[in-house]
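The structure appears below as structure tokens.
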Amino acid sequence: MGNQARTLCRERLVKVVDGERGGISKDVGWEGGGGFLFYTLGPKVFEENGSINPAVKFEHLAAHIWFVETGTPKKTTEMKSPLLGVHQGTAYYLLFNGILGDESESGGNLLTLDTLDKLPEHDGPMVIYAAGTIISKSRRDQLGISFKKTPYDIQA
């Protein structure tokens with residue numbers, strides 16, 4: 001949090017790993033070694049009121065949903081399609097921020113039979129996240145679709 005993570009904490013960790021002999025390292029006889037990974041976090045996914053942060057891009061929300069659903073990580077650079085991937089036979093989709101080329105809610109972010117036809121095909125169960133749907137539950141059941149409404153059904 002803040003620039004001190006980069007200017008103070010990271011720099012101190014580099015010195016500790018390199019074997020700098022000051023402070024607590026000297027007191028405990030630390031001679032260096034090991035390593036660490038330093039990450040910069042992206043924008044928060046959710047606002048305080050539970051809505052999706054307007055700064056969140058498709059690929060960040062997609063990676064979050066993929067991890068929550070499957071327990072496996074995926075790089076944001078891999079998220080370029082409404083089909084997030086297939087895990088254990090189930091396909092996961094996200095209709096968000098005009099991924100189908102239409103940014104209006106009634107266009108690409110709403111699950112309709114028209115938007116369903118535009119999705120990459122999958123022969124098996126599907127989980128589809130969207131702002132809403134006009135496909136009846138009985139029809140979704142026939143098609144093997146589990147519908148999840150954004151943002152309400154996205155686990156934090």
Please go through region 21-43 and pick out each residue that is in contact (Cβ under 8 Å) with a residue 12 or more places away in the chain, among the aromatic types (Phe, Trp, Tyr) and closer than 17 Å to Arg10 by Cβ.
Phe36, Phe38
Does region 36-69 hold any residues that are acidic (Asp, Glu) and assigned to a helix (DSSP H, G or I), and which are they?
Glu59, Glu69
Take Phe46 and tell me if it is closer than 30 Å to Leu84 by Cβ and touching a residue at least 60 places away in the same chain (Cβ under 8 Å).
yes
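From the residues in region 8-67 that are under 30 Å from Tyr93 (Cβ atoms) and basic (Lys, Arg), which one is modelled with the highest pLDDT? Working first, answer last.
Filtering region 8-67 down to residues under 30 Å from Tyr93 (Cβ atoms) leaves 39-67.
With basic (Lys, Arg) added as a condition, the list becomes 44, 57.
Working: Lys44: 83, Lys57: 89.
In this case the residue turns out to be Lys57.
To keep it simple, each residue is scored yes or no on (1) closer than 22 Å to Ile52 by Cα; (2) in contact (Cβ under 8 Å) with a residue 12 or more places away in the chain; (3) under 21 Å from the mean Cα position of the chain (by Cα).
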{"site": "Lys80", "(1), (2), (3)": "yes, yes, yes"}
{"site": "Leu95", "(1), (2), (3)": "yes, yes, yes"}
{"site": "Thr133", "(1), (2), (3)": "yes, yes, no"}
{"site": "Arg140", "(1), (2), (3)": "no, no, no"}
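The values are calculated or read from the model by the stated rules, or taken from the named source; none is laboratory data. None of these values were measured; they are calculated from a predicted model. Note: ideal-geometry Cβ built from the backbone for every residue, glycine included; neighbour counts use all protein chains shown.
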